Amino acid sequence: MNKRRPLIAGNWKMNGLAADGAALAKAVADKARAGAPPCELLVCPPFTLIDRAIAAVKGSPVAVGGQDCHAAVSGAHTGDVAAEMLKDLGCAYVIVGHSERRADHGETDAVVKAKAEAALRAGLVAIVCVGETEAERDAGRTEAVVARQVKGSLPAGATPANLVVAYEPVWAIGTGRTPTPADAQAVHARIRAELKDLIGEAADAVRLLYGGSVKPSNAKELMAQADIDGALVGGAALKAEDFWGIVQAYA
Ligand code: PGA
């Protein structure tokens, strides 16, 4: 029962000044305009580049998202950005609970859940990230950790239209290492089973992305797995050619 439209999402992280960001977004949008993309496309620039990215992708099938949001609508939260602010700029998505935020900012499952609920409240699609550390994998705890994160981070009111889950093993991010496609598939299947417990049969229609060292040369076999519905791409999303090479996994 796979009616899921794949999503290839670029997570630019803390990279790019004004000119770079506009040029990268434009390069991706130009390829998408020329090439009838075989999947949904998303770029998630740093907050400072979102406005420019939105201008650059206008009239193309490329969507723009944020990399994080605060749980509150507004208020005394210096340095934070509300989901409503992202929506107001024209964002369609926001990533929440990326492992770099869980690690650098101490974000717990409860914090991630509150952020995901803020995304839904604002009318954004939440991309909720989960993934085990290398120590957890070595201890044979991968599926238990990921299941706990899914259960703890899932927003109330999640549906296939407002939720995407990204499985990103921490040890695979930015390292050039990836799980085997079969290992990644096994975790995705576990995530879908967990989602089924939480939201019922609708879980079959929720898109599950794989992230962690995805590049053009490994995208096709990862994306071919039954429960992998796209990719969350970091480093390779910073070059339009590489990002487009990953999109070709679905061509
Ligand atoms: P990477 O990052 O593709 O550079 O490994 C993925 C991510 O952290 O989203």
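If one computes the Cα centroid of region 178-199 and of region 77-111, what distance in Å separates the two points?
When both Cα centres are located, 24 Å separates them.
With every protein chain present, what is the per residue accessible area of the chain (1.4 Å probe, Å²)?
41
Residue by residue, what Karplus-based ³J(HN,Hα) values in Hz, rounded to whole numbers, does region 100-111 have, using 6.51, -1.76 and 1.60 with θ = phi - 60° and x for Gly and Pro?
Using θ = phi - 60°, the values come out as 5, 6, 4, 7, 6, 10, x, 6, 8, 4, 5, 5 Hz.
Under the rule of at least 5 residues apart or a separate chain, name every residue whose amide H is placed under 5 Å from the amide H of Val125.
Tyr93, Val94
Convert each backbone phi in region 205-215 into a coupling constant with the Karplus relation 6.51 cos²θ - 1.76 cosθ + 1.60 (shift: θ = phi - 60°), then list the ³J(HN,Hα) values in order as whole Hz, x for Gly and Pro.
9, 7, 7, 10, 9, 9, x, x, 6, 6, 8
Over all distinct alpha-carbon pairs, what is the Kirkwood Rh of region 1-98 in angstrom?
For region 1-98, inverting the mean 1/r across all distinct Cα pairs yields 14.0 Å.
Taking amide hydrogens as modeled 1.01 Å from N in the peptide plane, which residues meet the under 5 Å criterion relative to Glu132, leaving out close sequence neighbours?
Val170
Within straight cross-link reach of Lys58, meaning Cα distance under 25 Å, which lysines are found once same-chain residues fewer than 8 apart are removed?
Partners within reach: Lys13, Lys26, Lys31, Lys87, Lys239.
With a Förster radius of 35 Å, plug the Cβ-Cβ distance of Ala186 and Phe47 into 1/(1 + (r/R0)^6) and report the FRET value to the nearest 0.05.
About 0.50, to the nearest 0.05.
Starting with the highest mean, order 116-122, 216-222 by the number of other Cβ atoms within 10 Å, averaged over the residues of each peptide.
116-122, 216-222
For Lys151, go through the lysines and keep the ones whose alpha-carbon is under 18 Å away, minus same-chain ones fewer than eight residues off.
Lys113, Lys115, Lys196
Say R0 is 35 Å: what FRET efficiency, to the nearest 0.05, do Ala251 and Ala76 get from their beta-carbon distance?
With R0 = 35 Å, the Cβ-Cβ based efficiency is 0.10.
Where the convex hull is taken over the Cα atoms of the chain, what is its projected area averaged over directions, in nm²?
For the Cα atoms of the chain, the hull's average projected area reads 12.2 nm².
Go ahead and run the numbers for FRET between Asp20 and Asp197, Cβ-Cβ distance against an R0 of 35 Å, rounding to 0.05.
0.20
Go ahead and collect, in residue order, the members of region 216-232 whose backbone nitrogen is under 18 Å from a label point 7 Å along the Cα-Cβ direction of Lys3.
The answer is 227, 229, whose backbone nitrogens lie closer than 18 Å to the label point.
Using +1 at the Cβ of each Lys and Arg and -1 at the Cβ of each Asp and Glu in the chain, identify which of Pro155, Ala205, Gly174 lies farthest towards the dipole's positive end.
Ala205
Let me know the charge dipole size of region 7-250 about its Cα centre in debye, to the nearest 20, where only the beta-carbon of Lys, Arg (+1) and Asp, Glu (-1) is charged.
400
The values are calculated or read from the model by the stated rules, or taken from the named source; none is laboratory data. What you are looking at is a predicted structure, and each value in this text was computed from that prediction instead of being measured. Every residue, glycine as well, gets a Cβ built from its backbone with ideal geometry; the counts of neighbours run over all protein chains shown. The accessibility values were calculated without ligands, DNA or RNA, using every heavy atom of the protein model including side chains. Shrake-Rupley method; radii C 1.70, N 1.55, O 1.52, S 1.80 Å.
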